[in-house]
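S.K.: Here it is: the structure, laid out below.
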Amino acid sequence: MDELEFLKKDWQKKEKELPKLSYEAIYAMLWKKSSSSIKWIFYISLIELGIGILLSIFYHPSFEKDFPMPTFLNWLTYASVLVIFYFIFKFYKNYRRVSTTSSVKGLLESIIKARRTVRHYIVFNISFAGILGIVTIVYVSIQQQGGWDSFVSGAETKDYLVIFVVAIVSTAIIVGLFLGIYYLLYGILMKRLKRNYRELKKIEV
């Protein structure tokens, strides 16, 4: 018992020497981490858009002479750029919101909105990549066989199935790559925001 009491007193002595963070210090630390994560989400989206613009300048499916893409695919691609600009604007607003908030409640709301925007952004890009992939692969496959009229005139059920399976598998691979990239780019930042949100909920009580 004497030895146990000695250990307790020794621990209490050491505990007093440990720095104790105040409410304001904890909030400031979580605010800084959250602001940094949301800022990086904004920066990454800008880099992603820049890469997309460069690719469209130096290479675009419409440049293909052998199998030029249909006009609606070109317009669909241009429309997607406008949507991405919208999401970048939302990311910037989220960053500005979290940078100017001064309360736990405001920071919690900013984190929720930031995470929701990222989820919507990823869903849009994955959906767009899936649709564009399937349409492009089917179109190119049919063009390689002489065009739609030529393909339909001599195609059997297995030919349709082959094109369908190739389109689905290829698109699944493309979507899988996108998911992997987004997990690396945004997944880590999203986890940090989720962790910050949980810590903020604790100090809010």
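Rule-based calculations on the coordinates, nothing more; no lab input. Keep in mind that what you see is a predicted model, and the values were worked out from it rather than measured. Cβ placement follows ideal geometry from the backbone for every residue including glycine, while neighbour counts extend to all protein chains displayed.
S.K.: Under a crude label model (7 Å from the Cα following the beta-carbon direction), how far is Ile26 from Lys105 in nanometres?
M.R.: With each label point 7 Å from Cα toward Cβ, the separation is 1.9 nm.
S.K.: Whole Å is fine, so just give me how far the alpha carbon centre of segment 78-103 lies from that of segment 175-194.
M.R.: Centre-to-centre distance over Cα atoms comes out at 18 Å.
S.K.: When Lys and Arg each count +1 and Asp and Glu each count -1, what net charge do the other residues less than 13 Å away from Phe87, Cβ to Cβ, add up to?
M.R.: +4
S.K.: Something else now. What distance in nm lies between label points placed 7 Å from Cα along the C-beta direction at Ile88 and Gln145?
M.R.: About 4.0 nm separates the two model spin labels.
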